[in-house]
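As structure tokens, the structure follows; a few thoughts come after it.
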Amino acid sequence: MAVSWLSRLAAQASVPVFPVRGLHGEEAFYQLALTPGIELVDSPRHASILLVAGGVPPDQHDALRRVHDQLPAPFATLWYCSEPLAELASATRLDDPGALPGALMTIHRELMSGKRGSSPRLLPDEPPNPWEGLGDDGHGGEGMMGGVPYGRPMAMNMTDDLRDGLTLDSLTVILGPFLPMLPPGLSAKVTLQGDLIQSWTTRGAPYPIALESLFFQALQGPVPIAALERARARYHLKRLHFALRLAGLDRLALEALRLAFDSHLSLKGVAILRRRLMRSGFFRLTATGQGRLDEETARRAGGVAARAAGHEEDWRSEDEGYRQLGFLLLTQRQGDTAARWRQTLSEVEQSLQLAAQAEHEAVHTQRSDGVETPRGTWHRQWPEEASDLLDDLLPGLEWDEAMSTLASLDLAPLSPWSLEETGGAPITQDIGEESRA
Amino acid sequence: MILDELILPVLLVIVVLVVGAYLVAVLDEAIAGALGMPRATSVWTAPLAQGAWLLTQQANATEAPDWRAWRLAPALYLALAAIGLAVVPFSPTLIPTDLVTSVVLWGSVEALATVVIFLHGWSANTLLALIGAYRYVALGLSYILISMFVLIGVALPAESLQFSQVVASQEGLWNVIRQPLGLPLFLIVGLGMTFWGPLNLADSRDLARGTASAVSGPPRLVWNLARAAMLVPSAARRRAPSWAAG
Amino acid sequence: MDYPIGVDIAFLLLATLAVVSGWRVFATDSMVRASFFLLVSFIAVGVIMILLAAEYLGVAMFFMMAVEMMVMAIFMVMFMMNPAGLNPMMMVHQHKFSIAAGIAIFVVLAAVALLAEFPDSPLPADIDPVRSLGNELLGDSMLIFESAGIVLLTTMIGVVVLSSHRGRYGAAEEGSMPPGLVPGGDPAGMPEEEDEGGGHHHCH
């Protein structure tokens, strides 16, 4: 009796969901962040539902199994636009974005009432690393060395230290590909001392991101600049949402996301957001002068990162349509995290300004041999994937600086499919209407 | 005698702790709601539902944690909150324990809290919790320093290390006026010690909730409860002077 | 003497806790655990002090030892070749010497406890222990005590300033080089550069 009373109460809690962001799974993540009654949690241990949004490549199924088994019972899985693992063939699969919040709430209620059993464990309950400690105390037979207890060798690196001259307490771990702080798909082998990153070796590139189909259409023929620029602003606002959420500025993060999903996205809203961002201390505390890209690396990173480092690289200045609107190329000089976000905000504002103007004069793009995607120029070749530049950029940064640097960089490759093809956003209908108007 | 000196104070502390923690959680939800977070349930039931959900959940394991420390740390943190509350003077006659050195005892609660929070992160034997633990130690030591200056500032005019004396010394002039910096500094320390709101750096999002990232189920409930409960004595301590003159 | 039986029971329990956790310091296999077992032992002694009506000393013991053991644990982790202090490691070395030293110290302390003549002068019941302790400590040596306190505080602030990100000679990640003795000269106070091939290679 008492138990059923408890579970009835528990069923009223907001549904804690741990999202595994797979290939093209971003949109579901943004959609759920705005849904009342759903809480996107940061650790699989805090969730009752594992949401796998988007496909996961077969070579990462083992990592997915490890995440799956970290959820405490009772828990369930939901596969959104994704093929369930072979062992979980009976798990719920869903492809309709509109039904996602409802399905999550139903699953949580069923779990709590006992109608649905907990998802089975997929891996054997044994340590991932066999005990390889030597000697009585596991640390090794001779002196302090030898032995690999818990799969962790005793620290023996005598390389030059980056900060404090103490080289002995370093801890090496493998992060990703589903760590919520990293771009989806990115995995790396990282050596840390305390929270200082000593070395970073990128092992797996981030998943490709899908752009709205307008950017693809721009390579086929003229498209309305108003719609194209709105799409660009939306893309940047979603990235800003992620960075603000990571910085603990939940309210501003939601504001950025609401703007991104607002079909009447206006310059005024972004101006308010910018003012609040300035007041919140985001530029003083989170996006500080860390993560500075040198000239060559900034060029490789492309897009906002390149322009934030002073490269005057923007396909829009080649296009007659934009010239007609008086497009002015914006740049920053410093090339660090703060400069990248300042550049992003300015470009969002510029895009909306251009959009308003272009709508008024019904201007279309003129050249279709290239397009400036939010990720960089797409002319003859795609913006290249550049996650290996992290190997030189992140060492020497503290964890929070490294994470805010990562959030400010957009290094993922572009997907050959558009957002609409990958089960995309409901926002697209609005774009269609606007471009017809 | 036993009733007066042992059972009643203990009951008082437990009731204030539980009710206070619940109110802190409700307040937190209400603030989040006012700031525009999407919400579905009412602020009054949300903390209860969350607690019920954690009770139904299994407590998970990590690879080779320090079990004793890992399970004890949340409970010890809660115990420290209770000790902190036990020396708060609620009214001139209602003081659970009127220790002669209660000001120093509050200082040691802050110092021991640093130890307990570090243990909570360290003993899980996972990276993100460990970084959260390191982070809190670095911050906690500075919180203690600030807090010491504030405590010395209230102990000196009272010429006593006893909270009831500190309150009595404010009958003529409130400390808020005598030491305008004391109150804001102390509130900052209180938020920092419980890593609440903008000072949530030990259990922050860029660490997947830091020291709490590896716990689930009842231990996580105790941890959340303890954090909320620790805010209660921090807040109560400063509210105390208001009745002294009233 | 007139005190409740509870005090006796509490003393026995706390004394056992102090001894057992003191023993665990040497039997455990982790630096962090060892520090905190020592802390538990000290806390038990602190509570015994409160039972002995030394309220200030007891509570100050909690406070001092909590910070001290925390800092000690962190420093041990930093200086030992153990990944973040998470791997198990032996906390005892030089076994024969330590056993001999331990027995010798135990014998000396036990002899003091058994053979020494402790003063027996009951204090008045209304004495204020905190105030009398303060007078005892600071009565005659206030000036020395205060100046030592200020020196220590300045040292602490200086250490924090020197070791912070924004070091004395600029940001830590930019090298933080001291200026030269003459304008444009080599950084002052730096050790002589070793030839290539020296340095850390001898560790292999």
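The values are calculated or read from the model by the stated rules, or taken from the named source; none is laboratory data. Every value quoted in this text rests on a predicted model; they were computed, and no experiment measured them. Reconstructed Cβ throughout: ideal geometry from the backbone, glycine too, with neighbour counts over all protein chains shown. Surface accessibility is based on the protein's heavy atoms, side chains included, excluding ligands, DNA and RNA. Shrake-Rupley method; radii C 1.70, N 1.55, O 1.52, S 1.80 Å.
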**Report entry** Evaluation of C:Tyr169 against (1) within 14 Å of another protein chain (Cβ to nearest Cβ); (2) at pLDDT below 85; (3) open to solvent by less than 90 Å² (accessible area, probe 1.4 Å) (one fails), failing number
**Finding:** (1)
Report task. Determine, yes or no, whether B:Gln58 is within 14 Å of chain A (Cβ to nearest Cβ) and farther than 28 Å from B:Glu110 by Cβ. Result -> yes
**Report entry** Any hit, segment B:143-157, residues being under 16 Å from the mean Cα position of the chain (by Cα), at pLDDT 85 or above and at the interface with another protein chain (Cβ under 10 Å from one of its Cβ atoms)
**Finding:** yes
Requested in this report: Take A:Phe261 and decide whether it is closer than 15 Å to A:Ser408 by Cα, assigned by TED's automatic domain parsing to the domain that holds A:Arg375 and of a type in the set (Phe, Trp, Tyr).
Outcome: no
Query raised in the report: Are there any pairs, at least 6 apart or on different chains, whose C-beta atoms fall under 7 Å, with the first in segment A:41-59 and basic (Lys, Arg) and the second in a helix (DSSP H, G or I), and if so, which?
Result: A:Arg45/A:Gln70
Query raised in the report: Within segment C:27-50, restricting attention to residues that are more than 10 Å from chain B (Cβ to nearest Cβ) and out of contact with any helix residue (DSSP H, G or I) (no Cβ under 6 Å at 6 or more places or on another chain), which residue is nearest to C:Ala125 (Cα to Cα)?
Result: C:Ala27
Requested in this report: Have a look at A:Leu240, A:Leu244, A:Leu249 and point out the one that is among the aliphatic types (A, V, I, L, M) and either open to solvent by 10 Å² or more (accessible area, probe 1.4 Å) or free of Cβ contacts under 8 Å to residues at least 24 places away in the same chain (or both).
Outcome: A:Leu249
Report task. Could you check A:Asp391 against (1) outside any loop (DSSP other than H, G, I, E, B); (2) out of contact with any strand residue (DSSP E or B) (no Cβ under 6 Å at 6 or more places or on another chain); (3) open to solvent by 40 Å² or more (accessible area, probe 1.4 Å) and say which number it fails? Result -> (2)
Report task. Look at C:Ser141 and say whether it is among the hydroxyl-bearing types (Ser, Thr, Tyr), modelled with pLDDT of 70 or more and surrounded by fewer than 10 Cβ atoms within 10 Å (Cβ to Cβ). Result -> no
Query raised in the report: Within segment B:173-195, how many residues are out of contact with any Ser or Thr (no Cβ under 6 Å at 6 or more places or on another chain) and open to solvent by less than 40 Å² (accessible area, probe 1.4 Å)?
Result: 7
**Report entry** Every residue from segment A:178-212 that is within 14 Å of another protein chain (Cβ to nearest Cβ) and charged (D, E, K, R)
**Finding:** A:Lys189, A:Asp195
Report summary line: Pairing a residue in segment C:29-44 that is more than 30 Å from C:Glu55 (Cβ to Cβ) with any residue that is open to solvent by less than 10 Å² (accessible area, probe 1.4 Å) and not in a helix (DSSP H, G or I), where Cβ atoms lie under 6 Å and the two sit 6 or more apart in sequence or on different chains, gives C:Asp29/C:Pro88
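Residue-wise test of (1) at pLDDT 85 or above; (2) under 23 Å from the mean Cα position of the chain (by Cα); (3) farther than 24 Å from C:Ala54 by Cα.
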{"position": "C:Pro88", "(1), (2), (3)": "no, yes, yes"}
{"position": "C:Val92", "(1), (2), (3)": "no, yes, yes"}
{"position": "C:Leu109", "(1), (2), (3)": "yes, yes, no"}
{"position": "C:Leu114", "(1), (2), (3)": "yes, no, no"}
{"position": "C:Ser121", "(1), (2), (3)": "no, no, no"}
{"position": "C:Pro124", "(1), (2), (3)": "no, no, no"}
{"position": "C:Arg131", "(1), (2), (3)": "no, no, no"}
{"position": "C:Asn135", "(1), (2), (3)": "no, no, no"}
Query raised in the report: Is it the case that A:Thr377 is closer than 20 Å to A:Arg300 by Cα, within 18 Å of the chain's Cα centre (by Cα) and assigned by TED's automatic domain parsing to the domain that holds A:Arg245?
Result: no
Query - Tally of residues being more than 8 Å from every other protein chain (Cβ to nearest Cβ) and farther than 18 Å from C:Met72 by Cα across segment B:117-127 - result: 2
Report task. Could you check how many residues of segment A:3-48 are at the interface with chain B (Cβ under 7 Å from one of its Cβ atoms), part of a helix (DSSP H, G or I) and polar (S, T, N, Q)? Result -> 1
